[in-house]
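Enquirer: So that we are looking at the same thing, I have put the structure below in structure tokens.
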Amino acid sequence: MDKCSICGKNDKNVSLLYASHRELGNIWLCSDCWAKEYHKILPSGGSRGCCG
Ligand SMILES: [Zn+2]
């Protein structure tokens, strides 16, 4: 997958970031959407939180 899962941007100049989104699961995000959705993005590899 080589486009942003939020806005659909697939410009080759845009670097995409792989993230675990709270609602959308594992997706690719452009940096703009990363900034916008930051609060919904889970820490990478974060399935073993300490405090449930
Ligand atoms: Zn985007």
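Bear in mind these aren't lab numbers, they're just calculated from the coordinates by the rules spelled out. Remember, it's a predicted structure, so these values are computed and weren't measured experimentally. Every residue, glycine as well, gets a Cβ built from its backbone with ideal geometry; the counts of neighbours run over all protein chains shown.
Enquirer: Please give me, ordered by residue number, the trypsin sites (Lys or Arg not before Pro) of the range 1-41 that lie in loop per DSSP and have at most 11 other Cβ atoms within 10 Å.
Expert: For trypsin sites (Lys or Arg not before Pro) across the range 1-41 that sit outside H, G, I, E and B with at most 11 neighbouring Cβ atoms in 10 Å, the list reads 12, 22.
Enquirer: Taking a ≥ b ≥ c as the square roots of the eigenvalues of the Cα gyration tensor of the range 1-44, is the shape rounded (a/c under 1.5), prolate (a/b larger than b/c) or oblate?
Expert: prolate
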